[in-house]
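Below: one structure, written as structure tokens.
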Amino acid sequence: MANSKFEYVRGFEQTDALLPNTWIVVRVDGRAFTKMCAVYGFEKPNDRRALDLMNAAAKAVVADLPDITIGYGISDEYSFVFHKSCNLFERRASKLVSTVVSTFTANYVYSWSTYFTSTPLSFPLPTFDGRAVCYPSVQNLRDYLSWRQVDCHINNLYNTTFWALVQLGGASNREAEKALAGTLSADKNEILFSRFHINYNNEPEMFKKGSVIFRDYELVDPDSHRVAEEMDDLAEPVQQSKSQAEKDKKRRSKARVVVEHLDIIKDEFWDRRPWILS
Ligand code: ATP
Ligand code: ATP
Ligand code: MG
Ligand code: MG
Ligand code: MG
Ligand code: MG
Ligand code: MG
């Protein structure tokens, strides 16, 4: 194939390397999941099986791509953050996005039957789209993640109230929509509590906060002294030597990947896990 007269066509390929030294977020989103919910009978407002399946697929992505430092998922979407120093695929957007999307989709399909034990997968098959966005500062990146978590909260409060009106209150979809038009958060909390005796605060954390995926180093290495030392290494802002970078990468690929449902808007989450953004 090399040096054929046809090879010039490679020159038509556009470079799509993402800006260096920026945090890359790849977000995948389920295609037409409103319809998927109807076809496969997702429970409303939150089908736990579907969320667990999203988390399983995302865990596989994070485990497969050590350059990902954190993932955040809500509904039919997942965001994956590549470290700003990442040079995977020379940072080519199409390679990064397509690899994340296909790894996610393959694992979603593979694990379907584990979570939907009595609902076999057939057609339509689940598919996902994807995009990459660069964020130049940690503040921008954290604001991005905060934006997604606020979205989770706003949507979940709305959906919880909407479906309470429909499922428990006997309202039609249209009536529920009308009842909620123009309401504030406090009004929705009040409707839930006074009409349905639901305290929104007691709803499951996964529904209220979404799912955060990251590597839990401390639980991996029982030798806490060594962990602290390595943590210092990771926090060092200077350019890492090749071998140190290789060591970190290897360590990342061996660390336990965990899924938790925590507030990622406040500083506490990040202060307690300095390795994620260092
Ligand atoms: P698009 O292809 O443009 O993304 P879409 O129908 O997937 O279209 P979204 O905005 O992504 O539109 O919305 C996803 C829909 O799937 C929402 O209605 C959401 O409530 C629903 N959904 C996703 N996950 C779950 C779940 N675990 N349980 C119940 N409903 C869910
Ligand atoms: P990359 O992730 O960079 O694409 P790769 O290992 O997939 O790495 P390719 O250049 O895509 O590299 O090469 C694909 C390899 O798979 C080749 O070695 C090719 O011979 C082999 N391969 C693909 N399809 C078949 C097949 N049907 N039978 C035997 N070998 C195959
Ligand atoms: Mg090939
Ligand atoms: Mg969409
Ligand atoms: Mg969607
Ligand atoms: Mg969506
Ligand atoms: Mg190949």
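Quick look at the values:
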quantity	calculated
From the options Ser4, Ser75, residue that is away from ligand 1 (no atom under 11 Å from the Cβ) and either more than 14 Å from the chain's Cα centre (by Cα) or not acidic (Asp, Glu) (or both)	Ser4
Residue match in the range 200-210 (condition: outside any helix (DSSP H, G or I) and away from ligand 6 (no atom under 16 Å from the Cβ))	yes
Qualifying residue in the range 19-37 (condition: in a helix (DSSP H, G or I) and away from ligand 5 (no atom under 15 Å from the Cβ))	no
Of all residues making up the range 97-120, the number that are surrounded by 14 or more Cβ atoms within 10 Å (Cβ to Cβ) and not in a helix (DSSP H, G or I)	2
Residue in the range 118-140 that is nearest to Lys35 (Cα to Cα), counting only those that are touching a Gly at 6+ places or on another chain (Cβ under 9 Å) and within 16 Å of ligand 4 (Cβ to nearest atom)	Pro126
Meets criteria (within 30 Å of Trp270 (Cβ to Cβ), assigned to a helix (DSSP H, G or I) and within 13 Å of ligand 5 (Cβ to nearest atom)) for Met54	yes
Selected residue [closer than 22 Å to Asn55 by Cβ, open to solvent by less than 60 Å² (accessible area, probe 1.4 Å), hydrophobic (A, V, I, L, M, F, W, C) and modelled with pLDDT under 95] from Ala255, Ala228	Ala255
Filtered residues of the range 51-89 (kept if open to solvent by less than 10 Å² (accessible area, probe 1.4 Å) and either closer than 24 Å to Leu157 by Cβ or in contact with a Leu (Cβ under 6 Å, 6 or more places away or on another chain) (or both))	Leu53, Met54, Ala58, Gly71, Tyr72, Gly73, Tyr78, Ser79
Restricting the range 152-183 to residues that are under 18 Å from the mean Cα position of the chain (by Cα) and open to solvent by less than 50 Å² (accessible area, probe 1.4 Å), the residue that is nearest to Ser79 (Cα to Cα)	Cys152
Some residue of the range 4-11 being within 16 Å of ligand 5 (Cβ to nearest atom), open to solvent by 30 Å² or more (accessible area, probe 1.4 Å), among the hydrophobic types (A, V, I, L, M, F, W, C) and in a loop (DSSP other than H, G, I, E, B)	no
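The values are calculated or read from the model by the stated rules, or taken from the named source; none is laboratory data. For clarity, every value in this text was computed on a predicted model and none was experimentally measured. Reconstructed Cβ throughout: ideal geometry from the backbone, glycine too, with neighbour counts over all protein chains shown. Quick note on the areas: whole protein, heavy atoms, side chains included, nothing else; ligands and nucleic acids left out. Shrake-Rupley method; radii C 1.70, N 1.55, O 1.52, S 1.80 Å.
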